[in-house]
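What follows is a short report on a single structure.
The values are calculated or read from the model by the stated rules, or taken from the named source; none is laboratory data. All figures in this text were calculated on a predicted structure; none of them were measured in a lab. Neighbour counts are summed over all protein chains in view; Cβ atoms, including those assigned to glycine, are modelled from backbone coordinates with ideal geometry.
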Amino acid sequence: MTPEQVARTKLWVDNGQAAAELPAIVGDFDRDLMYRHFALLSVERSASDTVVQWDVDRVPDSSINWLFDHLPEFDSPFILKTFKDGWITGTFRNGIAAVERIEALMRLRGVSMANRFVSRELPVRNWNSKWPGIVDRPEFASDRIVYSELVADDHIPMRYVGTDSLVAKILGKDWGADENYLLDNNLQKIERDMIRSYLKAYSTGQTTIEDVFAQVPSPKDGEPFWLPYRRLIWPTVHKGKDCLASISLYGQPDVRLSPLAEQFCGSYVPVERAL
């Protein structure tokens, strides 16, 4: 074993109780199940960082409260490995930043990103009269706009994410711009599906509007259903760089998926101030 491996210690937190060994019920199961089935939280410590791992929708409040109580005892930076439609890994330089991220995630229990994503482009004549105001003055709705930086190889990573957008709430507002954020294969596929229309808008240089249908699981029983909304994508300049911007502008709130449905509801976007 390397000196680093020797120096690392791991705690398992089960219903707010910490132990150095796994509960006997876990046995030899796949380690992923410890978080996703048995709802455990783990803390792995070393002199150089602290790694915390859990499933956002499974871990009990008592374990998160234990983490908040003991976080000051651990060394920064904090590496948070959380499961939310896939594994998201983020590195946070201090306890304050880590707590903010943990609190934001725990407010999202029962809210899921789409696991299927289908879009259909609409003709320009279908535009609502208010929407061009967002294109001309995006600062009025900037808290919900997702900016995607254009790069030479036609890959369009998400770089600047509105703080009130669904992507920011689940993945973290800095995940696209920060090399310390990592997504697993499932979340990378979701990202690829969602940026296909960005690629088309990039190639044409034109504003695009589309109907989107996202298949999402109900927080009550997990049964998937289709959530419709409308999305606007347009070329712009953000922080001195050529980007594409997008915003979800129109959708009917669905009581089966609150607060997720609210993120797609046009009445929550202050477009009237842009006119």
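Suppose the filter is at pLDDT below 70 and either surrounded by 12 or more Cβ atoms within 10 Å (Cβ to Cβ) or more than 21 Å from the chain's Cα centre (by Cα) (or both); does residue 218 pass it?
yes
Out of 120, 144, I need the residue that is surrounded by fewer than 17 Cβ atoms within 10 Å (Cβ to Cβ), at pLDDT 70 or above and not in a helix (DSSP H, G or I). Which one?
120
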